[in-house]
């Protein structure tokens, strides 16, 4: 059973989680602009609580975005520094998927339309369905104006809206059965997705820890994609 560390600094939340010997430990603080100061001390707190050294880690997972550019860069800088020093692989995880996973854990939602406020009058958007205990992408992730978002092709049943992008709810054409616009990524849910990625052999070398901003994408999805 692997020992995995997960961290996320992509939004206002700074979050760290540790999985070791079938035990989950985590820290989660909403501390805008203080991520760089807190993330490594939070890692140390978890390792001390578990009685582990950094060398006990098998891999390090992180929120790869989308989210705040500065926050994502902080996470990648910390992860690459640790992974290179320890010679350990990394596990990048979508922050929209993390929000969807949290919506399942806290609200029991099995179909989630995750949205993060991207500023500039846009949202980061992705739709997820629960499969074998993991939220998996249906369609594509994109950044686009709230009025242009859509559910996947042939979408059926109830959907749950999760994430700060739902602050634009009045402009979003999708009508979920319920929503939680205050939901931020939590490393506990990131870790759950990372465990699945580890089991599937999806760990990458440290130099492959790259951000996904989505704004770099030229194309945006059309309705029903």
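The values are calculated or read from the model by the stated rules, or taken from the named source; none is laboratory data. Just so we're clear, the structure is a prediction, and the values are computed from it rather than from any experiment. Using ideal geometry, Cβ is built from the backbone for each residue, glycine included, and neighbour counts are taken over all protein chains shown.
Looking at 27, 44, which one is out of contact with any strand residue (DSSP E or B) (no Cβ under 8 Å at 6 or more places or on another chain) and not in a loop (DSSP other than H, G, I, E, B)? Break it down stepwise before answering.
Values: 27 fails: out of contact with any strand residue (DSSP E or B) (no Cβ under 8 Å at 6 or more places or on another chain).
None of the others qualify; the one that does is 44.
Restricting attention to region 188-206, does a residue exist that is farther than 26 Å from residue 78 by Cβ and loosely packed, with under 15 Cβ neighbours inside 10 Å? Full working, then the answer.
Looking only at region 188-206, we keep the residues that are farther than 26 Å from residue 78 by Cβ, and these are none.
No, that holds for no residue.
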Collect the residues in region 145-167 that are closer than 28 Å to residue 199 by Cβ and touching a helix residue (DSSP H, G or I) at 6+ places or on another chain (Cβ under 9 Å), keeping them in residue-number order.
160, 162, 163
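Within region 120-139, is there a residue that is surrounded by fewer than 17 Cβ atoms within 10 Å (Cβ to Cβ) and over 30 Å from residue 198 (Cβ atoms)?
The first filter runs over region 120-139 and keeps only residues surrounded by fewer than 17 Cβ atoms within 10 Å (Cβ to Cβ), leaving 120-121, 131-133, 136-137.
Narrowing further to those that are over 30 Å from residue 198 (Cβ atoms): 120-121.
Yes, there is a match, as at least one residue in region 120-139 is surrounded by fewer than 17 Cβ atoms within 10 Å (Cβ to Cβ) and over 30 Å from residue 198 (Cβ atoms).
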Filtered residues of region 65-84 (kept if in a loop (DSSP other than H, G, I, E, B) and over 12 Å from residue 209 (Cα atoms))
66, 67, 68
Residue within region 11-23 that is in a helix (DSSP H, G or I), more than 21 Å from residue 119 (Cβ to Cβ), in the same structural domain as residue 203 (by TED's automatic domain parsing) and at pLDDT 95 or above present
no
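Can you tell me which of 40, 57 is more than 28 Å from residue 117 (Cβ to Cβ) and in contact (Cβ under 8 Å) with a residue 24 or more places away in the chain? Steps first, please.
On the way: 40 fails: more than 28 Å from residue 117 (Cβ to Cβ).
Every option except 57 fails the conditions.
Just checking, which of 142, 170 is in contact with a helix residue (DSSP H, G or I) (Cβ under 9 Å, 6 or more places away or on another chain) and free of Cβ contacts under 8 Å to residues at least 12 places away in the same chain?
On the way: 142 fails: free of Cβ contacts under 8 Å to residues at least 12 places away in the same chain.
The unique qualifying residue is 170.
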